[in-house]
Amino acid sequence: MRALQIRAYGDAPRLADVTGPEPGPGEVLIDVAAAALNPLDLKIAAGAMHGMFPVRFPYTLGTDVAGTVRRAGPGAPGWAPGDRVLARLDPSAGGAVATAAVVPAEQLVAAPRSVPPGPAAGAVTAAATAWQALTEVAGVRAGQRVLIHAAAGGVGSFAVQLARRLDAYVIATASGAGVAIAEELGAHEVIDHTAAPFEDRVSHVDVVLDTVGGAVEERSLATLVPGGLLVATPVPPDVARAAARGLRAEFVFHASDAARLETVVKLLDDGLRVLVDREIGLPEAAGGLAYLAEGHTKGKVVVRG
Ligand SMILES: NC(=O)c1ccc[n+]([C@@H]2O[C@H](COP(=O)([O-])OP(=O)(O)OC[C@H]3O[C@@H](n4cnc5c(N)ncnc54)[C@H](OP(=O)(O)O)[C@@H]3O)[C@@H](O)[C@H]2O)c1
């Protein structure tokens with residue numbers, strides 16, 4: 001089989017011919033139809049996540065996978081050859097950007113009926129993180145004002161739609177073609193973050209979803225109502241700085257969770273849209289990661305298995 005691998009932190013990812021994996025007890029071998037790339041893959045490859053997600057080399061990149069069951073290992077009942085599935089692999093194990101992958105059976109869910117494998121893979125981490133941030137961490141309620149940064153990005157493009165489904169008033173930041181995309185996804189207001197400081201244009205926000213970090217985190221605090229909540233995905237936010245201003249700040253830690261992924265599958269079958277920036281073949285996967293690293297993707301970069 002072929003797999004996009006690194007042999008050390010900082011290595012350029014390369015497509016390698018490797019021995020196909022065998023499913024062990026409780027595992028299922030799937031033929032990969034599509035894998036989605038995430039900023040996490042770049043952070044892991046750079047060695048930046050070693051404390052949280054240590055890996056063994058050679059490491060096959062990718063956590064988000066859609067495919068078809070080829071064979072179940074011993075003690076992995078419930079899945080039959082030909083079943084269409086979706087999974088979020090443990091980041092320390094990786095393995096999605098390949099032609100085949102071994103998945104612990106408890107991480108597999110049935111694929112959505114109405115969405116093809118490429119877009120379905122694109123929803124695995126990004127949509128589940130947006131769901132976790134808005135419902136489990138922030139508990140967004142109808143009528144709340146929610147500011148969503150990077151609204152045309154992977155997490156942001158799902159967050160805009162999900163916040164609308166929660167009947168929130170959605171204010172989004174984006175730029176270029178992303179402005180029209182955010183409007184199409186349902187944002188009530190879109191601020192071009194390259195045209196003016198967003199904090200000059202928006203106030204009285206109950207919840208900020210910050211998927212950008214850095215200066216955007218501190219600037220976002222100025223938009224919040226007293227007691228308002230900043231939810232951050234890139235790194236844990238500065239909780240003390242928020243508290244000093246009478247605000248709250250929380251980090252989203254997205255762990256693989258089949259029950260949450262099943263919720264995402266239901267949402268996909270209920271019309272949640274997946275914005276696919278580009279769908280590429282395995283030989284282009286390293287280039288796809290380099291494109292993602294530029295930081296301006298509109299939706300997801302998806303790699304066919
Ligand atoms: N904690 C967790 O469990 C978890 C889970 C998922 C993701 N994450 C992290 O969350 C972050 C976002 O992930 P993602 O997949 O959504 O990233 P992404 O898809 O790569 O985000 C790209 C988008 O970011 C936008 N952007 C960049 N700078 C911006 C700015 N200053 N203001 C507004 N938009 C800006 C870009 O729009 P422009 O072209 O307009 O700049 C682009 O559309 C990453 O750091 C990722 O690692 C964490």
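Does Ile148 qualify as being at pLDDT 95 or above, closer than 30 Å to Ile280 by Cα and near the ligand (Cβ under 9 Å from one of its atoms)?
No; evaluated as a whole, the condition is false for this residue.
Mind listing whichever residues of segment 232-257 are within 21 Å of Thr135 (Cα to Cα), surrounded by fewer than 19 Cβ atoms within 10 Å (Cβ to Cβ) and more than 16 Å from the ligand (Cβ to nearest atom)?
If the condition is that a residue be within 21 Å of Thr135 (Cα to Cα), surrounded by fewer than 19 Cβ atoms within 10 Å (Cβ to Cβ) and more than 16 Å from the ligand (Cβ to nearest atom), then Arg248 is the only one that fits.
Can you spot a residue in segment 36-48 that is more than 15 Å from the ligand (Cβ to nearest atom) and in a loop (DSSP other than H, G, I, E, B)?
no
Of the residues in segment 157-200, how many are on the phi > 0 side of the Ramachandran plot and either buried (at least 24 other Cβ atoms within 10 Å of the Cβ) or of a type in the set (D, E, K, R) (or both)? Working first, answer last.
Kept after step one, since they are on the phi > 0 side of the Ramachandran plot, are these residues of segment 157-200: 167, 176, 186.
Retained after the next criterion (residues that are either buried (at least 24 other Cβ atoms within 10 Å of the Cβ) or of a type in the set (D, E, K, R) (or both)): 167.
The qualifying residues number 1.
So, in segment 201-216, of the ones that are β-branched (Val, Ile, Thr) and more than 9 Å from the ligand (Cβ to nearest atom), which residue ends up surrounded by the fewest Cβ atoms within 10 Å (Cβ to Cβ)? I'd like the intermediate steps shown before the answer.
Taking segment 201-216 as the starting set, the residues that turn out to be β-branched (Val, Ile, Thr) are 202, 205, 207-208, 211-212, 216.
Cutting the leftovers down to more than 9 Å from the ligand (Cβ to nearest atom) gives us 202, 205, 207-208.
Details: Val202: 19, Val205: 22, Val207: 25, Val208: 29.
Only one residue fits best here, namely Val202.
Of these, Ala286, Ala293, which one is within 15 Å of the ligand (Cβ to nearest atom), outside the structural domain of Ala187 (by TED's automatic domain parsing) and either among the aliphatic types (A, V, I, L, M) or in contact (Cβ under 8 Å) with a residue 40 or more places away in the chain (or both)?
Among Ala286, Ala293, only Ala293 is within 15 Å of the ligand (Cβ to nearest atom), outside the structural domain of Ala187 (by TED's automatic domain parsing) and either among the aliphatic types (A, V, I, L, M) or in contact (Cβ under 8 Å) with a residue 40 or more places away in the chain (or both).
Hey, Arg219 hits all of (1) modelled with pLDDT of 95 or more; (2) within 13 Å of the ligand (Cβ to nearest atom); (3) closer than 30 Å to Ser92 by Cβ but one; which does it fall short on?
(3)
So which residues in segment 158-179 are in contact with a His (Cβ under 6 Å, 6 or more places away or on another chain) and within 13 Å of the ligand (Cβ to nearest atom), if there are any at all? Explain how you work it out, then say what you get.
Pass one, segment 158-179, residues in contact with a His (Cβ under 6 Å, 6 or more places away or on another chain): 169-170, 173, 175.
The answer is Thr173, Ser175.
The values are calculated or read from the model by the stated rules, or taken from the named source; none is laboratory data. Computed from a predicted model, the values in this text were never measured in an experiment. Neighbour counts run over all protein chains shown; Cβ positions are idealised from the backbone, glycine included.
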